[in-house]
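Participant: Have a look at this one.
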Amino acid sequence: MLLRSKNVSPVISYKNLRRVIGIFGILLPLVCYLNGILFASTPLQPSISAYYYTNARDFFVGLLVAVGLFLMTYKGYETIDIVISTATGIAGIGVAAFPCTPPDNILIKTGIFQLPSNISNIIHLICAIIFFLLLAVNSIFIFTLTDKTKPPTANKKKRNIIYIICGCVILAMMILLLIVMLVPSLIPFIGIVFVLESICLVAFGISWLVKGETLFKDEKK
């Protein structure tokens with residue numbers, strides 16, 4: 001009888017999927033750093049992407065691809081929701097498939113396509129910009145959409161505030177990343193890009209956790 005039971009509320013599955021996406025996003029920088037420092041005594045890398053060239057490569061690629069696939073298979077309520085999530089997922093997988101330049105800047109063939117690292121780095125940066133930008137767009141403009149046939153609940157309004165804050169944080173960190181990349185001497189800390197990227201991913205993760213109604217869940221009537 002248990003084998004023949006049905007999932008009477010498939011919506012719950014989508015909420016769980018949102019939570020998984022959020023958790024994976026938050027875990028990515030933490031897992032890369034801890035795996036590197038604990039098992040290979042790898043110091044903090046200049047960026048999360050630089051962990052591709054450490055013992056944490058499998059975690060970096062695996063978690064990014066997992067997030068990308070989850071985003072691509074996620075189906076929202078609106079067509080634009082599906083388009084944005086799919087595009088974000090493709091960009092995330094692109095970040096993993098096209099590695100950045102090695103920390104020592106040696107020109108090598110890298111990634112699954114064995115492209116010269118300088119070419120791979122250009123594609124990597126384009127994918128990363130699209131990935132973070134769409135995360136912000138999704139949080140600010142898509143997650144805040146409300147059913148027009150009924151007024152938003154008090155908790156929905158609270159969730160919308162969190163979505164907007166998370167999206168704005170991602171955009172602010174992207175601006176700081178651009179400034180740091182253009183003027184590296186501005187903040188002479190080797191891990192500043194790693195920190196800013198991590199804040200972006202944490203904001204992304206919180207946004208998706210809230211979307212999964214981990215916080216401020218609407219009560220069933």
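Participant: Of all residues in region 166-221, how many are in contact (Cβ under 8 Å) with a residue 24 or more places away in the chain and under 25 Å from Gly89 (Cα atoms)?
Facilitator: Counting residues in region 166-221 that are in contact (Cβ under 8 Å) with a residue 24 or more places away in the chain and under 25 Å from Gly89 (Cα atoms) gives 29.
Participant: Return yes when Ile161 is out of contact with any Leu (no Cβ under 7 Å at 6 or more places or on another chain), at pLDDT 90 or above and farther than 22 Å from Tyr51 by Cα and no when it is not.
Facilitator: In short, yes.
Participant: Still on this structure, I have one more. Among the numbered criteria (1) open to solvent by less than 70 Å² (accessible area, probe 1.4 Å); (2) modelled with pLDDT of 95 or more; (3) in contact with a helix residue (DSSP H, G or I) (Cβ under 8 Å, 6 or more places away or on another chain), which one does Ile37 miss?
Facilitator: Condition not satisfied by Ile37: (3).
Participant: Scan Ser47, Ser139 and give me the residue that is buried (at least 21 other Cβ atoms within 10 Å of the Cβ), in a loop (DSSP other than H, G, I, E, B), of a type in the set (Gly, Ala, Ser) and in contact with a helix residue (DSSP H, G or I) (Cβ under 9 Å, 6 or more places away or on another chain).
Facilitator: Just one listed residue meets the conditions, Ser47.
Participant: Among (1) at pLDDT 95 or above; (2) more than 20 Å from the chain's Cα centre (by Cα), there is one condition Gly167 misses while meeting the rest; what is its number?
Facilitator: For Gly167, the exception is condition (2).
Participant: Hey, another quick one. How do the pairs read when you match residues in region 61-72 that are under 17 Å from Gly212 (Cα atoms) and open to solvent by 50 Å² or more (accessible area, probe 1.4 Å) with residues anywhere that are assigned to a helix (DSSP H, G or I) and aliphatic (A, V, I, L, M), using Cβ under 7 Å and keeping only pairs 6 or more apart or on different chains?
Facilitator: Filtered contacts from region 61-72: Phe70/Leu17; Phe70/Val20; Phe70/Ile21; Met72/Ile90.
Participant: Cβ-Cβ distance below 6 Å, separation of 6 or more or different chains: which pairs start in region 21-46 with a residue that is closer than 15 Å to Gly62 by Cβ and end on one that is among the aromatic types (Phe, Trp, Tyr)?
Facilitator: Between residues of region 21-46 that are closer than 15 Å to Gly62 by Cβ and residues that are among the aromatic types (Phe, Trp, Tyr), the close pairs are Ile21/Phe70; Ile21/Trp208; Gly25/Phe204; Val31/Phe59; Cys32/Tyr51; Cys32/Phe59; Cys32/Phe60; Asn35/Phe59.
Participant: Now for a separate question. Could you check how many residues of region 148-165 are part of a helix (DSSP H, G or I) and either touching a residue at least 60 places away in the same chain (Cβ under 8 Å) or in contact with a strand residue (DSSP E or B) (Cβ under 8 Å, 6 or more places away or on another chain) (or both)?
Facilitator: Summing the residues that are part of a helix (DSSP H, G or I) and either touching a residue at least 60 places away in the same chain (Cβ under 8 Å) or in contact with a strand residue (DSSP E or B) (Cβ under 8 Å, 6 or more places away or on another chain) (or both) in region 148-165 gives 2.
Participant: Identify all residues within region 147-179 that are over 26 Å from Gly22 (Cβ atoms) and of a type in the set (A, V, I, L, M); write none if there are none.
Facilitator: Listed by number, the list holds a single entry, Ile179.
Participant: Moving on. If I go through region 117-133 residue by residue, how many of them are open to solvent by less than 30 Å² (accessible area, probe 1.4 Å) and either over 14 Å from Val95 (Cα atoms) or not small (Gly, Ala, Ser) (or both)?
Facilitator: 4
Participant: Could you look through region 101-116, keep only residues that are open to solvent by 70 Å² or more (accessible area, probe 1.4 Å) and either in contact with a strand residue (DSSP E or B) (Cβ under 7 Å, 6 or more places away or on another chain) or not aromatic (Phe, Trp, Tyr) (or both), and pick out the one that is nearest to Gly25 (Cα to Cα)?
Facilitator: Ile112
Participant: Which of the residues that make up region 185-195 are within 19 Å of Ala128 (Cα to Cα) and open to solvent by 10 Å² or more (accessible area, probe 1.4 Å)? Spell out the reasoning first.
Facilitator: Of region 185-195, the ones within 19 Å of Ala128 (Cα to Cα) are 191-195.
The answer is Ile192, Val193, Phe194, Val195.
Participant: Taking region 73-100 only, how many residues are surrounded by 15 or more Cβ atoms within 10 Å (Cβ to Cβ), part of a loop (DSSP other than H, G, I, E, B) and modelled with pLDDT under 95?
Facilitator: 2
The values are calculated or read from the model by the stated rules, or taken from the named source; none is laboratory data. Being a predicted model, the structure only gives us computed values, none of them experimental. Because the Cβ atoms are built from the backbone with ideal geometry, glycine has one as well, and the counts that use them run over all protein chains shown. SASA here: full protein model, heavy atoms, side chains in, ligands and nucleic acids out. Shrake-Rupley method; radii C 1.70, N 1.55, O 1.52, S 1.80 Å.
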